[in-house]
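Data first, discussion second: the structure below is written as structure tokens.
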Amino acid sequence: MTKKFLASSYLGLLLVILYAPILIIVIFSFTEAKVLGNWTGFSMKLYTSLFQGGIHHSLTSALWNTLIIGLVAASVSTILGTMAAIGIYNLQPRPRKAIQLVNSIPILNPDIITAISLFLLFVSLGISQGYTTVILAHITFCTPYVVLSVLPRLRRMNENLYEAALDLGATPFLALRKIMLPELKPGMISGFILAFTLSIDDFVVTLFTIGNEGLETLSTYIYADARKGGLTPELRPLSAIIFITVLVLLLVINQRAAKKKL
Amino acid sequence: MRKNISSFIGRRRNWSIPYAFFLVFFVLIPLGLIVYYGFTDNEGDFSFTNFRKFWMQPEAMNTFIFSIGIALITTFLCLLLGYPAAYIMSRMNMRGAKILVMLFILPMWVNFLIRTLATVALFDFLSLPLGEGSLLFGMVYNFLPFMIYPIYNVLQKTDHSLIEAAQDLGANPRQVFFKTIMPLSAPGIYSGIMMVFMPVISTFAIAELLTINNIKLFGTTLQENIYNGMWNYGAALSLVMLLLIGVTSLLNNEGNAKAAEEGGLI
Amino acid sequence: MQKSENIIEIEHISHSFGDKTVLDDINLTIGKGEFVTILGPSGCGKTTLMRLIAGFLKASEGKIYIAGSDMTKTPPHRRPVNTVFQKYALFPHLNVFNNIAFGLNLKKLPSTEIKKKVMQVLKIVTMTDYEERDVDSLSGGQQQRVAIARAIVNEPEVLLLDEPLAALDLKMRKDMQMEIKAMHKKLGITFMYVTHDQEEALTLSDTIVVMSEGKIQQIGTPTEIYNEPINSFVADFIGESNILNGTMIDDNLVEFIGHKFECVDKGFGKNVPVDVVLRPEDIYIFEMSDAAKFSGQVTSSIFKGVHYEMMVTTPEGFEIMIQDYHHFDVGKTVGLRIKPADIHVMKKERLCNTFEGTIVDKSHIRFLGHTFKCPTASQFAHGSKVNVNVDFRDVILQDNEEDGMLPGIVSFILYKGDHYHLTVLTEEDENIFIDTNDIWDDGDRIGITISPEAIKIINL
């Protein structure tokens, strides 16, 4: 009994420490003070000014850029990665091993190496940096994760499913659409979510490939902001909103998964 | 002609071709460029100047060694704090454990810069000084979930009958843990170490933010050089880091690909 | 022969994966409405043959006609055949109804007709009321029925079944065998059934095609295959048998286990080495008396439900398996005899190993991917191509792969009464045949050694 109590208090303590900073942000999103840590009374002013845009136009546009880059990069990665996984699964052992090895490079490489290598690629080719280069860079580090989430689905799939569809009169295209895709869908969805979160969370690769034409994502905006000393106060409500959204989303997904099992 | 094209697409292994080209262009060639820049001088001639500079100038070298130290301590702390948490959760019932694991992973969905700044705010709030203490706290705080998750994953999959078998063969609880559970969770520990050690060495910006620019890690050295137009030197420093990574993964050759796959967070 | 009578005609089909030949010049015709079983051990090429007919593979060589038209290059979705896969391959995201309706939906039939047809086949496979069920919630046997229903609802000319019962337990398998047989009668279409289970083949088929090492060994009705096996492989694979070395002394006279026997075979020539096959139930066993042709001592006796299976050792040292309804005590000396018609004499496939070799220099020859020492090589010009003969007895096997000149795997074992005849597969995919008194297991990895004296070079 004491053992159990000790165990749960340990987990509880870890979680409290883990959540303390986030909690502070959420709490201080409800006050007007410019500096985090000063409580100047309850106020929703930061929330209203976040949504009015206007003065903080650059923050809203950074948010939009982040979402657009994340969606485009995750979508392209999901398509490219799924095709690649199907191809890899059907390759001979030797080329398969080779391509899987290269596929794992962006995963194992630290962000900064990926960032520098892509930076050197773009400047060597004289490509002006902006939206396109950021998206290409994000596809580069997202696709390997999609490949890794789709491949196990292929391995678990009955190897004859595709042939069974052909056997029953489906053309290769129909067999793919009606049988393969529904089977791979869970892997593709988790790959997409992973790619999207990696993309919106990325800072290092973005910083190196975004150029200096004034394009900002949330990460680079916060970084520039923090270096100027101090956060734009509106980031507090934004972080709080992002956090609560993710929390609710994950709870819903978890609940649905639990229900399906029953 | 059309028939040829459709039979080419029909062969499913050909589907990997676009991605193969993509990998060559966006992974292999860029890495090649790092090697190229690292081994050439400003004029583009082959030279070891950059490495000589790294060896001779203590600044970059010191940062490098300091970063390895910070990474080792962070990894050790994460393992120390994370293993018990992972172990406790792996012994709980599935539903409860699932929610807890999610709670541990959830903070990662908040932009890590915001998390880092929140840590700074927490230290300010508690009027604690910013320095090596806050740096280690921030690092552990950022990377702890990467240690807990893979270890939990392996422990949770462990066949419970193995533990019962050990008990049946006369092992006391301590022996069960050190002779059965620990060795069985080795792949998870390995993944966790890989997923904490590597990124910590290369982090950039976190250290500065956590210590108000007092402490700099190797990642920042890389970034500064590239930003100041010293591509050759920056590339050479990247190669030094790649070498370290190569050595670390070689030390644990087997789990490499596994680490990537099992470490997946979804 | 009229093309319309045969639903499938296979002409000179060969197929290889890389440089490994899995099918070697297969010729086969299958009549309309027949139940044909392709029988053989794993790796004999039977599944490849089926996949060629279904269209999942394109033959390297040869032609396949289905229902009279050349379909060698036709893609699977345009062939009038449907397949029941070994692991069923039901679509997990579709329920039973939609799995069965899959092919009909692709044909864009009106939904009322689809419904009618699906209900009809569900009735045939006795799965009515299951149409809304998730396929994952079904038992193995039920999934099997759905897989069959999904195939036959498209009214194929030929139904291909690839070891469909392999995943079921024994009791279920027996029941399903009967159901498949009944379905075949009811539907009247051609069934082509692939299995490695000889008992299944004997129970179900009109015609059995026995395959081994990419070749058809024998085609015949179950009785023909059982009673008149064409070679020692078929004899050993179908049912239990004693396979012994013998000598055909003259027409109707064969010598084996140290005795001469009258037999009904002729045309082999005089004093020709042969294989002799005796079915265990064809040997008469009785209390020792004058009626005995030869004698033996019972060394073991096991009750098998209906009969006793006894091992009898003759004074000459040969071990023979005998099945009889009567029990004889272990240690007892018994009398034995065999009717001439029950002695099956077969031409030996080979009398020694023959390899293709090349002379390397005066004292070396290269074959089986290895260079062997051989003093007689000096009689041949260097670089010339020759044949190499090695007696079965002259190949030495070692426990450790590294100890031998080249490694190999024991792939087939034949007990010949007083010794074992092994087939060993080398890394280069060549077979070496060996006679030995030592006991090895199927799949053993061994070292192979051939001494210089054992190598006999024959000029081409």
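The values are calculated or read from the model by the stated rules, or taken from the named source; none is laboratory data. Owing to the predicted nature of the structure, the values given are computational and were not obtained by experimental measurement. Glycine also receives a Cβ, built like all others from the backbone with ideal geometry; neighbour counts cover every protein chain displayed.
Starting from residues that are in a strand (DSSP E or B) and in contact (Cβ under 8 Å) with a residue 60 or more places away in the chain, keep the ones in segment C:49-74 and report whichever is farthest from the other protein chains (Cβ to nearest Cβ). Filtering segment C:49-74 for residues that are in a strand (DSSP E or B) and in contact (Cβ under 8 Å) with a residue 60 or more places away in the chain, the one farthest from the other protein chains (Cβ to nearest Cβ) comes out as C:65. Of the listed requirements (1) modelled with pLDDT under 70; (2) closer than 22 Å to residue A:196 by Cα; (3) out of contact with any helix residue (DSSP H, G or I) (no Cβ under 9 Å at 6 or more places or on another chain), residue A:257 misses just one: (3). Checked against (1) free of Cβ contacts under 8 Å to residues at least 40 places away in the same chain; (2) at the interface with chain B (Cβ under 7 Å from one of its Cβ atoms), residue A:94 meets all criteria but (2). Regarding residue C:166, is this residue surrounded by fewer than 18 Cβ atoms within 10 Å (Cβ to Cβ), more than 24 Å from residue C:281 (Cα to Cα) and touching a strand residue (DSSP E or B) at 6+ places or on another chain (Cβ under 9 Å)? Against the criterion (surrounded by fewer than 18 Cβ atoms within 10 Å (Cβ to Cβ), more than 24 Å from residue C:281 (Cα to Cα) and touching a strand residue (DSSP E or B) at 6+ places or on another chain (Cβ under 9 Å)), residue C:166 qualifies. Which condition does residue A:158 not pass, out of (1) assigned to a loop (DSSP other than H, G, I, E, B); (2) within 7 Å of chain B (Cβ to nearest Cβ), if it passes all the others? So the condition that residue A:158 fails would be (2).
One residue alone among A:76, A:134, A:102 is over 15 Å from the mean Cα position of the chain (by Cα), part of a helix (DSSP H, G or I) and at pLDDT 90 or above, and that residue is A:102. Of the residues making up segment A:1-46, just one is crowded, with 17+ Cβ neighbours inside 10 Å, within 10 Å of chain B (Cβ to nearest Cβ) and not in a helix (DSSP H, G or I), namely A:36.
Tallying residues that are among the β-branched types (Val, Ile, Thr), at the interface with another protein chain (Cβ under 10 Å from one of its Cβ atoms) and farther than 29 Å from residue A:151 by Cβ within segment A:183-216 yields 0.
For segment C:190-213, the condition of being of a type in the set (A, V, I, L, M, F, W, C) and at positive phi holds for none of the residues. Residues in segment A:116-132 that are crowded, with 22+ Cβ neighbours inside 10 Å and either closer than 17 Å to residue A:195 by Cβ or more than 11 Å from every other protein chain (Cβ to nearest Cβ) (or both): A:118 alone. Counting only helices (runs of 4 or more DSSP H) wholly contained in segment A:171-214, the ones carrying 2 or more residues that are surrounded by fewer than 21 Cβ atoms within 10 Å (Cβ to Cβ) occupy A:172-175, A:181-201. All conditions but one from (1) in a helix (DSSP H, G or I); (2) at the interface with chain A (Cβ under 9 Å from one of its Cβ atoms); (3) modelled with pLDDT under 85 apply to residue B:226; the one that does not is (3).
Within segment B:103-119, restricting attention to residues that are within 7 Å of chain A (Cβ to nearest Cβ) and polar (S, T, N, Q), which residue is nearest to residue A:28 (Cα to Cα)? Here the answer is B:119.
Residues of segment B:82-102 that are more than 10 Å from chain A (Cβ to nearest Cβ) and not in a helix (DSSP H, G or I): B:93 alone. Exactly one residue among B:26, B:54 is within 26 Å of residue B:244 (Cβ to Cβ), modelled with pLDDT of 90 or more and either more than 8 Å from every other protein chain (Cβ to nearest Cβ) or in contact with a Leu (Cβ under 9 Å, 6 or more places away or on another chain) (or both), and that residue is B:26.
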